[in-house]
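The next block holds one structure in the form of structure tokens; read it before the comments.
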Amino acid sequence: MRSWRHSVSLQRTISRILVYVLIIAGMIMFLFPLFWMISTSLKSNDQVFTYPIQWLPKPPLWHNYVEAWTEYYPFSRFLRNSLTIALGAILGNVISVPIVSYSFARLRWPGRDFFFFLVLFTMMVPYPVVMVPQFVLFHKLGWINTYLPFIVPAFLGGSGFYIFLMRQLIMTIPRELDEAARIDGCSTFGIYWRIILPLIKPGLVAIAIFEFIARWNDFLGPLIYLTKTDLFTLPLGLNVFRTQEGIYMNSFMAVSCVSIIPSMVLFFVAQKYFIQGIVITGLKG
């Protein structure tokens, strides 16, 4: 009996060690690109391409950050442009997506299921399919070289994925709360504003994080609609390091390190609500 317990304890210890080893290996694998980016940003351009590989800069060149941020293009302006697009799109989605999702989850109107199917269908259409028609539409509206193509659609319903995500979250809220509020004389909009909206805050935070990261890292959209340098976003600004002679890898990595800071700060600040929003949206179909 004692030997059996000892064997079980040994197996649990070995399995726990293996789990920790796998976790540490996975952590190293995912953190290695970040380490390489930071290391490259502190090297001279010659050290970047040396062989054998020089893993650590000797010495660290901290002035790479100052030179990359100030001497090539006005990256502070690009940063402001990216923030303008990201915050505008977030505001539009946070306002419009809950309203649309509430109508699909709670209200009954002719063609509701059909139109929800169309919303789901938009998630299956690749962006290159709608890229040209959208460009023609926005060109006729005079929105080229403006931020309107990135912000206005967010106020008109937002993404189909966000609508689906929020609808699933609203459906987890018991309908008895609606009925009790209606007995107390609350209107349809009052139910949405006083009951539904406060309960879906984690989902709104998740949508805000998704949208910020999508807009912050978007390269193709600004490339299509923005041609004036003063309107460039950070992803477009990073492209200036590509020259006919090659790429200034150390400067490129220095600006890249700075550009990921807002996304990391946003996620760590709001990760509690983000994880909660993702979890509870999957509780009910």
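Scanning segment 143-167 for residues that are over 15 Å from Lys228 (Cα atoms) and in a loop (DSSP other than H, G, I, E, B) yields a count of 4. When you scan segment 69-78, do you find a residue that is within 23 Å of Val152 (Cβ to Cβ), in contact (Cβ under 8 Å) with a residue 60 or more places away in the chain and in a helix (DSSP H, G or I), even just one? Yes, segment 69-78 contains a residue that is within 23 Å of Val152 (Cβ to Cβ), in contact (Cβ under 8 Å) with a residue 60 or more places away in the chain and in a helix (DSSP H, G or I). Just so you know, in segment 168-194 the residues that are in a helix (DSSP H, G or I), among the β-branched types (Val, Ile, Thr) and in contact with a helix residue (DSSP H, G or I) (Cβ under 9 Å, 6 or more places away or on another chain) include one that is farthest from Ser103 (Cα to Cα), and it is Ile191.
Right, Asn217: polar (S, T, N, Q), in the same structural domain as Tyr73 (by TED's automatic domain parsing) and in contact with a helix residue (DSSP H, G or I) (Cβ under 8 Å, 6 or more places away or on another chain) or not? Judged against the criteria, Asn217 is a match. When the residues of segment 176-216 are filtered to those that are under 32 Å from the mean Cα position of the chain (by Cα) and among the basic types (Lys, Arg), the one that is farthest from Leu266 (Cα to Cα) is Arg194.
Given the residues Ile247, Ile209, which is the only one that is β-branched (Val, Ile, Thr) and modelled with pLDDT of 85 or more?
Testing whether each residue is β-branched (Val, Ile, Thr) and modelled with pLDDT of 85 or more leaves just Ile209.
Only one of the listed residues (Leu204, Leu266, Leu238) is in a helix (DSSP H, G or I), modelled with pLDDT of 85 or more, touching a helix residue (DSSP H, G or I) at 6+ places or on another chain (Cβ under 9 Å) and not acidic (Asp, Glu). That residue is Leu204. For Val94, indicate whether it is free of Cβ contacts under 8 Å to residues at least 24 places away in the same chain, among the hydrophobic types (A, V, I, L, M, F, W, C) and under 27 Å from Pro222 (Cα atoms). Answer is no for this residue.
Checked against the criteria, Tyr51 counts as outside any helix (DSSP H, G or I), at negative phi and exposed (fewer than 10 other Cβ atoms within 10 Å of the Cβ). For segment 85-102, the condition holds for at least one residue, the condition being that it is farther than 16 Å from Cys257 by Cα, among the aromatic types (Phe, Trp, Tyr) and in contact with a Lys or Arg (Cβ under 9 Å, 6 or more places away or on another chain). Say whether the condition of being part of a helix (DSSP H, G or I), over 22 Å from the mean Cα position of the chain (by Cα) and surrounded by 13 or more Cβ atoms within 10 Å (Cβ to Cβ) is met by at least one residue in segment 118-131. No, that holds for no residue.
Being under 19 Å from the mean Cα position of the chain (by Cα), modelled with pLDDT of 90 or more and in the same structural domain as Thr233 (by TED's automatic domain parsing) is a property that Ile163 has. A single entry from Pro149, Pro110 fulfils the requirement of being at pLDDT 90 or above and surrounded by 16 or more Cβ atoms within 10 Å (Cβ to Cβ): Pro149.
Residues in segment 89-106 that are assigned to a helix (DSSP H, G or I) and either outside the structural domain of Phe150 (by TED's automatic domain parsing) or of a type outside the set (Val, Ile, Thr) (or both): Ala89, Leu91, Gly92, Asn93, Ser96, Pro98, Ser101, Tyr102, Ser103, Phe104, Ala105.
The values are calculated or read from the model by the stated rules, or taken from the named source; none is laboratory data. Owing to the predicted nature of the structure, the values given are computational and were not obtained by experimental measurement. Glycine gets a Cβ as well: all are built from the backbone with ideal geometry, and neighbour counts include every protein chain shown.
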